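The values are calculated or read from the model by the stated rules, or taken from the named source; none is laboratory data. Worth saying up front: this structure is predicted, and the values here are computed from it rather than measured. With ideal geometry, Cβ positions are generated from the backbone for all residues, glycine too; neighbour counts draw on all protein chains shown.
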Amino acid sequence: MNWLQYSVLAGAFSLMSLTACQGGGNASVEKLKATAFETKIKEEGTAQLLDVRSPEEYAGGHIAGAINNNVDGPDFEKNLAGLDKEKPVMVYCKGGGRSADAATKLKALGYKVYDLEGGMMAWNNQNLPVSNEPTVAVAKKMVASSAAGDAVTVAQFEQMIKDNPVLVIDFSATWCGPCKRLSPILEKMEHEFAGKVKVKKVDVDLSEELSRFMNIQGIPYVVKYVNGKKVNEMIGLETEDNVRKFFAK
């Protein structure tokens, strides 16, 4: 191969590489804080605003105008068929984990995605507007507990930390995978530290007022109080050894 042939082939290869890199068009994912996400909604409208939580979560309170498309449902990608790839898609969930999964799938399909960082928990913490279906909201308030924990008010929380010298509170939700994996570790620690540490499980979906009061940005969120004062916190899934150290401190 002479120099001219090599140059032509190299140029062709470079052009092919550039074309391949640009094949996704404007496909990308950008995380936005709650207030910036609200601003983006006002700019883009709600035609491609997706709530990727379960239908039950959506019915309990969502951003006005959002379309519910459960990312864990069997028809998630099928339901994306009507979206316009020339326009950005805005996604959110409860805490940010599922919307990140949805954003990854949307990006792979060629969409420009804006993902609400911290999900509805961050949105609620900023006291931004929420659309509710009254009948579902009323039914939800009647639920006192779930597999993830109890419904706890701010007043009950404040009394709880007064009544228990050493208290560990586990904030979680039924839909949270890391919460489910952490739960048996916490239960084991509860037995190991029986009589020394009181453990309380709180469902963030049933305790929205308390979640806002605590400014919870992600779950699982585990916090420890000693004599009414916060002494430690743990965010996300941890190993058994780290959880044991958390209880022992």
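Among the residues making up the range 83-125, those that are polar (S, T, N, Q) and either surrounded by 15 or more Cβ atoms within 10 Å (Cβ to Cβ) or assigned by TED's automatic domain parsing to the domain that holds Ala173 (or both) are Ser99, Asn124, Asn125. Please tell me if Lys196 is in contact (Cβ under 8 Å) with a residue 24 or more places away in the chain and more than 26 Å from the chain's Cα centre (by Cα). Judged against the criteria, Lys196 is a match. Selection of first residues in the range 200-223 that are among the polar types (S, T, N, Q) and of second residues that are assigned to a loop (DSSP other than H, G, I, E, B) and surrounded by fewer than 22 Cβ atoms within 10 Å (Cβ to Cβ), restricted to Cβ pairs under 7 Å at least 6 apart or on distinct chains, gives the following pairs, ordered by first then second residue: Ser207/Ala151.
Listed by first and then second residue, the pairs with beta-carbon distance under 8 Å, at least 6 apart or on different chains, first residue in the range 166-185 and more than 22 Å from Arg212 (Cα to Cα), second basic (Lys, Arg) and surrounded by fewer than 20 Cβ atoms within 10 Å (Cβ to Cβ), are Val166/Lys196; Val166/Lys198; Val166/Lys224. Do we find a residue being surrounded by fewer than 13 Cβ atoms within 10 Å (Cβ to Cβ) and either at pLDDT 95 or above or in contact with a helix residue (DSSP H, G or I) (Cβ under 9 Å, 6 or more places away or on another chain) (or both) anywhere in the range 155-171? Within the range 155-171, not a single residue is surrounded by fewer than 13 Cβ atoms within 10 Å (Cβ to Cβ) and either at pLDDT 95 or above or in contact with a helix residue (DSSP H, G or I) (Cβ under 9 Å, 6 or more places away or on another chain) (or both).
When Phe213 is tested against (1) among the aromatic types (Phe, Trp, Tyr); (2) outside any helix (DSSP H, G or I); (3) loosely packed, with under 15 Cβ neighbours inside 10 Å, just one condition goes unmet, and that condition is (2).
Of the residues making up the range 230-246, not a single one is buried (at least 21 other Cβ atoms within 10 Å of the Cβ), assigned to a strand (DSSP E or B) and either touching a residue at least 60 places away in the same chain (Cβ under 8 Å) or within 22 Å of the chain's Cα centre (by Cα) (or both).
Out of all the residues in the range 79-95, is one or more under 12 Å from the mean Cα position of the chain (by Cα), part of a helix (DSSP H, G or I) and under 16 Å from Val52 (Cα atoms)?
Scanning the range 79-95 turns up no residue that is under 12 Å from the mean Cα position of the chain (by Cα), part of a helix (DSSP H, G or I) and under 16 Å from Val52 (Cα atoms).
Pairs linking a residue in the range 33-61 that is outside the structural domain of Glu209 (by TED's automatic domain parsing) to a residue that is hydrophobic (A, V, I, L, M, F, W, C) and at pLDDT below 90, with Cβ atoms under 6 Å and 6 or more positions apart or on different chains, are Gln48/Leu83; Leu49/Ala66; Leu50/Ile67; Asp51/Ala66; Ala59/Val136; Gly60/Val136.
Residue check: Gln159 meets all listed conditions (1) free of Cβ contacts under 8 Å to residues at least 12 places away in the same chain; (2) of a type outside the set (D, E, K, R); (3) in a strand (DSSP E or B) but one, namely (3). Residues in the range 231-249 that are out of contact with any Gly (no Cβ under 7 Å at 6 or more places or on another chain) and among the hydrophobic types (A, V, I, L, M, F, W, C): Val231, Met234, Leu237, Val243, Phe246, Phe247, Ala248. The one condition from (1) buried (at least 16 other Cβ atoms within 10 Å of the Cβ); (2) at pLDDT 90 or above that Leu206 does not meet is (2). Out of all the residues in the range 209-229, which are under 13 Å from Pro178 (Cβ atoms) and over 14 Å from the mean Cα position of the chain (by Cα)? Once the filter is applied, which keeps residues that are under 13 Å from Pro178 (Cβ atoms) and over 14 Å from the mean Cα position of the chain (by Cα), the range 209-229 yields only Val222.
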